[in-house]
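The values are calculated or read from the model by the stated rules, or taken from the named source; none is laboratory data. All values reported here derive from a predicted model rather than from experimental measurement. With ideal geometry, Cβ positions are generated from the backbone for all residues, glycine too; neighbour counts draw on all protein chains shown. All accessible areas refer to the heavy atoms of the entire protein, side chains included, with ligands and DNA or RNA removed. Shrake-Rupley method; radii C 1.70, N 1.55, O 1.52, S 1.80 Å.
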Amino acid sequence: MSPVPQSLAQALWKIYHRPERPQPWAAGGNLPWDAPDFSERMLREHLDQSHGAASRPDAERMSQLEWLWPALGLFAGARLFDVTCGPGLYAVELARRGCHVLGVDFAPASIGYARDLAKAAGVAGRCDFRQADVRAVDYDGHNFDAAILLYGQLAVFEKGEAQSLLTNIARALKPGGRLGVELLNQERVDKTDGTWWFTDETGLWGDAPFLHLGERFWLAEQALSVERYQILHLETGRLTEIQLCDQTYAVAEMTAMMRRAGFSAVTAWPGWAGVPLYDAAEWVVYIAER
Ligand SMILES: C[S@@+](CC[C@H](N)C(=O)[O-])C[C@H]1O[C@@H](n2cnc3c(N)ncnc32)[C@H](O)[C@@H]1O
């Protein structure tokens with residue numbers, strides 16, 4: 001066994017002295033998706049068919065797309081914007097069905113994979129994948145028929161940013177264009193605090209032994225969950241702290257935000273309208289028409 005690095009003891013004291021409750025959004029409030037090494041490791045999770053932690057398994061995605069196609073009024077030749085497209089699993093399938101797709105995501109490994117996937121599927125000419133923060137891209141000058149923002153990613157932004165993003169997406173759609181957004185169902189979300197830990201030697205946090213200490217806080221007044229992870233890399237004593245915020249919305253509040261963003265009609269579909277997903281009941285899908 002290797003000697004215990006001095007920094008490991010320092011890291012433990014740092015954990016001991018952590019603030020009792022984290023300040024929401026203080027550390028960005030999201031996973032480090034855009035860090036190259038994390039992005040490579042996360043790509044493995046996106047593509048892993050044994051779970052749906054990062055992207056849904058293929059069969060579930062196909063079921064979602066069968067439902068989204070008519071719900072978003074898609075057609076061969078439609079122009080679609082996939083906001084936080086990840087590895088392009090939705091975008092490339094929609095391009096295979098004839099759509100012209102712009103996919104934006106700030107995870108480098110995912111964008112690289114999406115480009116390769118489009119080439120392999122023979123639809124690179126209908127796909128444009130860009131590595132960028134969706135809060136900073138230029139939303140003017142587009143005329144999209146539809147947009148998607150899936151798997152709860154709108155919730156990782158604080159409310160003001162979420163409102164701006166919705167407004168920008170509305171601007172990028174043509175009149176009558178539709179946006180599909182998937183958010184956790186506030187009525188069903190876990191409203192308790194909790195702690196957990198595990199050890200591993202390979203996974204999202206690296207490929208050397210680490211200890212993951214997790215805490216979950218439910219901030220009732222803000223209807224917000226904050227998860228704080230302390231990851232202790234045992235061989236080096238390096239400590240990484242990650243904070244993940246997940247803003248929940250009542251259907252009435254999200255509907256009002258979408259209307260403020262410029263959408264004229266909003267329909268909320270609790271439980272993915274019956275689409276067979278293992279966790280469908282946890283979600284609400286919004287279809288908003290400009
Ligand atoms: C849970 S994954 C879902 C990806 C994809 N929609 C899917 O279901 O396969 C969330 C994605 O959001 C991206 N993301 C999060 N915040 C982002 C931001 N500010 N700008 C661009 N991409 C972002 C991450 O890089 C990640 O690929």
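With the checklist (1) farther than 30 Å from Gly274 by Cβ; (2) open to solvent by 60 Å² or more (accessible area, probe 1.4 Å); (3) within 19 Å of the chain's Cα centre (by Cα); (4) at pLDDT 95 or above in hand, flag the one item Ala26 doesn't pass.
Of everything listed in (1) farther than 30 Å from Gly274 by Cβ; (2) open to solvent by 60 Å² or more (accessible area, probe 1.4 Å); (3) within 19 Å of the chain's Cα centre (by Cα); (4) at pLDDT 95 or above, Ala26 misses just condition (4).
For region 98-203, list the strands (runs of 3 or more DSSP E) that sit wholly inside it and hold at least 1 residues that are under 20 Å from Glu227 (Cα atoms), among the hydrophobic types (A, V, I, L, M, F, W, C) and open to solvent by 70 Å² or more (accessible area, probe 1.4 Å); which are they?
Result: 194-200.
Taking the condition assigned by TED's automatic domain parsing to the domain that holds Leu12, at pLDDT below 95 and touching a Phe, Trp or Tyr at 6+ places or on another chain (Cβ under 8 Å), does Leu211 pass? Steps first, answer last, please.
Working: assigned by TED's automatic domain parsing to the domain that holds Leu12: yes; at pLDDT below 95: no; touching a Phe, Trp or Tyr at 6+ places or on another chain (Cβ under 8 Å): yes.
No; evaluated as a whole, the condition is false for this residue.
Can you confirm whether Arg56 is surrounded by 13 or more Cβ atoms within 10 Å (Cβ to Cβ) and in the same structural domain as Tyr90 (by TED's automatic domain parsing)?
yes
Residue pairs, Cβ under 8 Å, 6 or more apart or interchain, first in region 14-38 and closer than 15 Å to Trp205 by Cβ and within 16 Å of the ligand (Cβ to nearest atom), second open to solvent by 40 Å² or more (accessible area, probe 1.4 Å) and modelled with pLDDT of 95 or more. List them.
Sorted first by the residue in region 14-38, then by its partner, the pairs are Trp33/Phe106.
Return the residues of region 216-235 that are in contact (Cβ under 8 Å) with a residue 40 or more places away in the chain and either surrounded by 15 or more Cβ atoms within 10 Å (Cβ to Cβ) or part of a strand (DSSP E or B) (or both); say none if nothing qualifies. Explain how you work it out, then say what you get.
The first filter runs over region 216-235 and keeps only residues in contact (Cβ under 8 Å) with a residue 40 or more places away in the chain, leaving 217, 219, 222, 224, 226, 228, 230, 232, 234-235.
Within region 216-235, Phe217, Leu219, Leu224, Val226, Arg228, Gln230, Leu232, Leu234 qualify.
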